[in-house]
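Comments concern the structure below.
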Amino acid sequence: MDRSCQHMHRRKHARRGVASVLAMLFLVIFGSLAAAMAIVAQGNLRTADSSLKVSRAQSAAESGLVFAQRRLETQTARFVITKGVVDASFAEKLWMGTWTSGDGTVTISPATDFNGPASPLGIAAAVRDAHLADASAFAPAAEHQGLPEILQDGTLVTEPVRLEQGNDRLWFQLIYEPIPNTSNVRVTAIGNDGEIRRTLSMEFKLGKKIEYAVISPNRIMIGKNVLVEGPLGTRYGTNPGELTAANGDPLVMRSDFRYLTTSLTTKIDALAIAIAAHDIDGDGRLRPAHPSEGQGLAGVGVTDEDGDEYVDDFDCFLSEYDTNGDAMVVWDPSRASAAGVSGAGSEFVGIDNQLARLIDLSMPDRNEDGVVDARDVRLGYSDGVLNSFDHYAKVKGRLVFGVEEQAWESTAGDHWRNIAQGPVQVGRDDVPVKFGATTEELRVVQTSDFTQAAAWYAANVQNNFAQQVTAGVAAGGTFTAASSAPYEAVPFGSSAAYDYYQRPIYQNMVFRDVKIPKGTNALFKNCRFEGTVYIETETACNDVNWNYTGALKQVVSGSTVTYEPRFPGVTAQLNGSAQTNTRQHSNSIRFDGCTFLGSIAGDTPAEYTHWRNKIQITGSTRFYSDPNDAELALQPDGSQLRGILNSLGAAKLDNLQRSSIMMPGWSVDVGNFTNQVSADPDLTARVKLKGTVIAGIMDIRGTADVLGTLMMTFRPIPGEGPLFYNGQPEAFNTTLGYFGSLDGDGEGALPGSSTFSGFGEIRLRYDPDAKLPDGIPWPASVEPVADSYREGGRA
Amino acid sequence: MNQLPRNRVRRARRGFSLIEMLVALAICSALLTATLVSLYASFRAYQSTTEQASTHVIGRVVMHRVMALVRNGIGFGPVPEDPRENSIATDEITFLDEDEREITLRLDRTHSVLLMRVDGGQEQVLLDGVSGPIDTDGTQLGAFQLEYENGYKLIKASFDLTVAADDTVQDLAIEGNDVVPIRLVGSTAPRRIIW
């Protein structure tokens with residue numbers, strides 16, 4: 001190689017070396033950068049992935065809680081219990097399956113949604129069996145082998161449940177844990193997605209609730225000026241031969257806006273026809289925006305006046321009385337002014353103040369913050385106007401029927417909505433109406449169910465009525481013998497009385513744990529009853545003539561009024577001897593303006609004999625059994641009454657709180673046939689009834705406020721008992737409120753007539769917190785304790 | 001004659017002319033400058049991405065925490081002055097947590113921080129570089145949207161926060177240099193109230 005060649009080669013080599021170094025440098029730099037960015041990007045992806053998994057694990061855990069709630073509800077409902085209150089001890093026994101005969105009867109219904117043992121040992125076992133039947137349950141890890149398992153303390157640990165077919169990384173696992181000394185079960189839900197877990201927990205309370213405002217085996221009739229907050233249920237019509245045109249409809253409801261003006265009645269009737277033809281969901285309202293329901297509004301002449309997206313009776317009312325088109329009707333200008341409602345006129349003043357009060361004064365605590373204040377007034381409470389903020393509904397709760405819709409309508413020859421009128425509002429997760437409810441869903445209670453509960457009341461009274469009367473007279477009370485008292489009609493104030501009583505009158509007396517002997521047939525005026533007032537009667541009253549033996553009728557001859565036997569010569573048998581006057585062996589009592597710090601109870605008659613075994617409650621009547629009752633504190637004599645209640649002792653109060661009226665098989669009338677209204681409506685005498693009321697049949701008229709559940713026991717059967725002499729089942733019904741001649745009730749006085757005294761004002765509210773007496777066979781229940789929701793927990 | 005070409009070659013091999021050197025230097029400088037700029041941009045992009053990722057992570061953590069607080073909270077405020085109004089937008093909310101402690105969450109727009117106070121104690125910074133939503137006309141909208149039933153019962157709480165990363169180097173006007181603010185939007189229901 002010559003030199004030039006060598007030099008050139010060397011130079012070429014040197015140039016290649018510089019480029020290489022530079023290239024390598026850049027390669028290293030850019031490579032490092034790329035690697036770093038890749039790591040960052042991967043980290044970002046990891047973060048996003050973790051975040052997604054956290055969300056999915058959280059959602060899985062929440063799904064688990066919802067699943068557990070549903071599972072607990074369905075399995076707990078299989079346990080039909082007669083014990084009224086599920087306390088901590090009984091809850092534990094129910095959960096573990098260790099109840100004894102002292103806990104009443106526990107009947108277990110078969111599972112409906114899976115194949116499992118017919119009689120699981122306790123709710124825990126029932127829930128375990130349901131989990132065992134889960135097709136999606138699996139064991140993703142060794143720790144899950146052998147599950148589900150009930151531990152010694154009653155804790156049920158279940159297998160994880162897969163949330164996605166073929167995905168073993170996404171699941172939830174549930175742990176049910178009874179909490180000692182409470183009736184609660186804590187559910188811990190572990191949500192898992194890959195390596196991420198989230199844990200939630202919430203408690204569920206075991207209990208027993210009968211979620212009805214009225215439940216009845218006889219017909220329910222709800223007239224004008226009655227608002228119901230709570231579901232209604234009736235099995236009437238399900239017995240063979242019971243559902244006939246002559247026997248009447250299971251439920252009759254009448255619009256609150258009838259009897260006001262002819263044109264309004266015409267609008268309501270037109271809307272009722274449209275509802276019958278087009279109402280899809282049976283809530284008694286039509287939605288203008290609904291493709292099918294909206295068609296029904298053509299030609300009715302009423303639009304959505306209040307803007308609540310429904311057309312119902314209330315819109316008819318607004319269209320009639322809202323003269324200035326501001327979507328509200330003023331009924332009390334002074335209230336409206338005080339509430340700051342501008343432009344208040346006088347559109348509905350003095351026309352039907354009781355109806356207006358009923359709507360405007362419903363649901364005082366409208367925002368449910370525990371106090372009634374100016375914010376509730378702003379939300380429409382007592383603001384002197386009727387508008388959408390009052391959320392008017394005839395019934396706020398579902399309607400449940402034992403009969404099928406088609407069977408009822410074909411028998412009645414009419415759409416059921418023409419018979420049961422008025423809007424029904426339910427919660428988001430509920431349906432307005434259910435037909436064909438099974439005997440499991442809608443149970444019937446009978447007089448025999450309450451034998452044990454009634455026995456407690458009988459054992460907790462003293463047989464010293466005469467001594468207590470003597471003491472009462474000595475303390476300033478007055479006694480008027482029956483012979484000196486006037487006759488009064490039964491039912492009180494009825495224009496079609498079926499009997500008359502001359503009652504001894506006990507006035508301004510105090511009784512404590514008293515038994516009223518059979519045959520007393522008294523009127524108690526302005527008396528106070530502390531503890532139990534137990535009404536004795538002859539239970540062997542099966543004779544078909546028992547009702548009528550000794551009944552009187554009123555004979556008017558000029559200015560002379562006499563009372564004569566209504567059925568001369570009729571006798572009834574009692575223990576083999578003929579009786580000419582069964583009222584001496586029974587008890588028909590009227591309480592007027594009395595205060596009850598406890599319960600009314602009585603012997604359980606073997607047959608429903610409403611002429612003889614009856615209580616009537618009239619005037620301003622108060623019932624209290626809870627010393628901490630907020631309403632009690634508002635009474636002028638509240639502190640005195642609270643002191644008396646406390647003196648009864650906690651154990652006795654616990655029993656008294658289970659039923660304010662425990663009169664299975666009796667006829668119970670609340671309020672007056674003649675509506676009594678004071679000049680100041682706030683001062684109108686009203687019956688305030690609280691707690692669970694058990695009666696054969698119940699009538700509520702006039703002005704009454706009921707907070708609780710009405711449970712009826714009497715089922716009328718043609719030819720039996722009081723229906724022996726061609727009695728019609730339709731006449732034996734649970735009636736609330738005013739029915740007039742437009743409703744087919746001849747007894748109701750028409751507005752404008754001399755005997756008309758108003759429509760009344762009846763509010764009936766279901767009390768979810770009401771305790772129940774023992775004896776009612778009803779499924780146990782669970783309800784979530786929302787406030788116990790926690791994130792984190794055992795895992 | 002034979003040597004002449006050899007001398008010419010030797011002279012040519014001996015070095016570059018000044019012009020050549022200047023040209024070469026100019027090219028090298030340009031290349032180096034471009035390389036450095038490129039490197040700097042890469043570093044900035046890396047830094048920006050890292051900061052954004054970090055902000056994302058922190059934002060998510062804070063949002064998860066705030067969501068959990070709301071899910072477990074009760075007694076929310078403020079409530080609308082008029083109970084008929086069921087929605088309120090605000091930069092500050094208060095509620096009670098599962099231990100009955102009063103929690104306050106506040107967006108301080110002046111200092112661009114999200115603050116939390118427990119039981120009236122000292123405010124702690126949950127997140128900085130935070131701003132709230134602003135309408136097109138410049139009106140400040142509440143960072144917290146509370147939806148109530150009957151003006152009292154909270155049914156949903158929503159959050160709309162924008163978080164800027166803590167980045168002070170802003171001297172390169174190229175795309176990718178700016179750290180894009182992150183918008184954190186979330187909505188949840190208080191389980192202890194509406195389960």
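Filtering the range B:78-99 to residues that are surrounded by fewer than 15 Cβ atoms within 10 Å (Cβ to Cβ) and either within 19 Å of the chain's Cα centre (by Cα) or within 20 Å of B:Thr188 (Cβ to Cβ) (or both) leaves B:Pro78, B:Ser87, B:Asp99. With the condition kept exactly as written, say whether any residue in the range A:282-300 is under 19 Å from A:Ser263 (Cβ atoms) and in contact with a helix residue (DSSP H, G or I) (Cβ under 7 Å, 6 or more places away or on another chain). Yes; the residues of the range A:282-300 include at least one that is under 19 Å from A:Ser263 (Cβ atoms) and in contact with a helix residue (DSSP H, G or I) (Cβ under 7 Å, 6 or more places away or on another chain). Inside the range A:535-563, residues that are under 32 Å from the mean Cα position of the chain (by Cα) and either farther than 22 Å from A:Phe492 by Cβ or not in a strand (DSSP E or B) (or both) make up a count of 3. Considering the range A:30-61, and only residues there that are within 10 Å of chain B (Cβ to nearest Cβ) and in contact (Cβ under 8 Å) with a residue 40 or more places away in the chain, the residue that is nearest to the chain's Cα centre (by Cα) turns out to be A:Gln58. When A:Arg169, A:Arg128 are screened for being of a type in the set (D, E, K, R) and modelled with pLDDT of 95 or more, only A:Arg128 passes. Within the range A:298-322, the set of residues being in contact with a Gly (Cβ under 7 Å, 6 or more places away or on another chain) and part of a loop (DSSP other than H, G, I, E, B) comprises just one member, A:Asp312. Any residue at all in the range A:359-370 that's part of a helix (DSSP H, G or I), modelled with pLDDT of 95 or more, aliphatic (A, V, I, L, M) and buried (at least 21 other Cβ atoms within 10 Å of the Cβ)? Checked against the condition, which is being part of a helix (DSSP H, G or I), modelled with pLDDT of 95 or more, aliphatic (A, V, I, L, M) and buried (at least 21 other Cβ atoms within 10 Å of the Cβ), the range A:359-370 yields at least one hit. If the condition is being in contact with a helix residue (DSSP H, G or I) (Cβ under 9 Å, 6 or more places away or on another chain) and under 20 Å from A:Asp774 (Cβ atoms), then the range A:104-122 contributes A:Gly104, A:Val106, A:Ile108. If you go through the range A:372-386 and keep only what is over 14 Å from A:Asp312 (Cβ atoms) and either away from every other protein chain (no Cβ under 11 Å) or assigned to a loop (DSSP other than H, G, I, E, B) (or both), you end up with A:Val372, A:Asp373, A:Leu379, A:Gly380, A:Tyr381, A:Ser382, A:Asp383, A:Gly384, A:Val385. In the range A:95-113, the condition of being out of contact with any Phe, Trp or Tyr (no Cβ under 9 Å at 6 or more places or on another chain), modelled with pLDDT of 95 or more and surrounded by 20 or more Cβ atoms within 10 Å (Cβ to Cβ) is met by no residue. For the range B:132-160, taking the residues that are within 14 Å of chain A (Cβ to nearest Cβ) and not charged (D, E, K, R), the one that is farthest from B:Thr90 (Cα to Cα) is identified as B:Asn150. The strands (runs of 3 or more DSSP E) found wholly in the range B:141-195 and carrying at least 1 residues that are among the small types (Gly, Ala, Ser), modelled with pLDDT of 85 or more and surrounded by 21 or more Cβ atoms within 10 Å (Cβ to Cβ) occupy B:153-163. In the range B:1-50, the residue that is surrounded by the most Cβ atoms within 10 Å (Cβ to Cβ) out of those that are in a loop (DSSP other than H, G, I, E, B) and at pLDDT 75 or above is B:Phe16. Please verify whether the range A:333-343 includes one or more residues that are among the small types (Gly, Ala, Ser), crowded, with 23+ Cβ neighbours inside 10 Å, closer than 25 Å to B:Tyr152 by Cβ and within 14 Å of another protein chain (Cβ to nearest Cβ). No, the range A:333-343 has no match at all.
What about B:Thr55, is it free of Cβ contacts under 8 Å to residues at least 60 places away in the same chain and within 28 Å of the chain's Cα centre (by Cα)? No.
Of all the criteria given as (1) surrounded by 13 or more Cβ atoms within 10 Å (Cβ to Cβ); (2) in a loop (DSSP other than H, G, I, E, B); (3) without any contact (Cβ under 8 Å) to a residue 60 or more places away in the chain, the one not satisfied by A:Ala327 is (3). Which members of the range B:128-140 meet the condition of being of a type in the set (D, E, K, R) and part of a strand (DSSP E or B)? Listed by number, the list holds a single entry, B:Asp128. Residue count for the range A:540-596, restricted to those that are surrounded by 15 or more Cβ atoms within 10 Å (Cβ to Cβ), touching a residue at least 40 places away in the same chain (Cβ under 8 Å) and among the aliphatic types (A, V, I, L, M): 4. Contact annotation: no residue pair with Cβ atoms under 8 Å, 6 or more positions apart or on different chains, pairs a residue in the range A:119-135 that is on the phi > 0 side of the Ramachandran plot with a partner that is of a type in the set (Ser, Thr, Tyr) and crowded, with 24+ Cβ neighbours inside 10 Å.
Screening A:Asp376 with (1) touching a residue at least 40 places away in the same chain (Cβ under 8 Å); (2) crowded, with 17+ Cβ neighbours inside 10 Å gives one miss only, at (1). In the range A:769-786, the residues that are within 14 Å of chain B (Cβ to nearest Cβ) form Cβ pairs under 6 Å with partners that are in a loop (DSSP other than H, G, I, E, B), at six or more places apart or across chains, as follows: A:Pro784/B:Trp195; A:Ala786/B:Trp195. Looking across the range B:63-77, the residues that are within 26 Å of A:Ser51 (Cα to Cα) and either within 12 Å of another protein chain (Cβ to nearest Cβ) or more than 26 Å from the chain's Cα centre (by Cα) (or both) come down to B:Met63, B:His64, B:Arg65, B:Met67, B:Ala68, B:Leu69, B:Val70, B:Arg71, B:Asn72, B:Gly73, B:Ile74. If you go through the range A:180-198, how many residues are surrounded by fewer than 22 Cβ atoms within 10 Å (Cβ to Cβ), within 35 Å of the chain's Cα centre (by Cα) and closer than 29 Å to A:Ala142 by Cβ? Looking only at that region, the number is 1.
The values are calculated or read from the model by the stated rules, or taken from the named source; none is laboratory data. Everything numeric in this text was worked out from a predicted model, so none of it was measured. We place every Cβ from the backbone using ideal geometry, glycine too, and count neighbours over all the protein chains shown.
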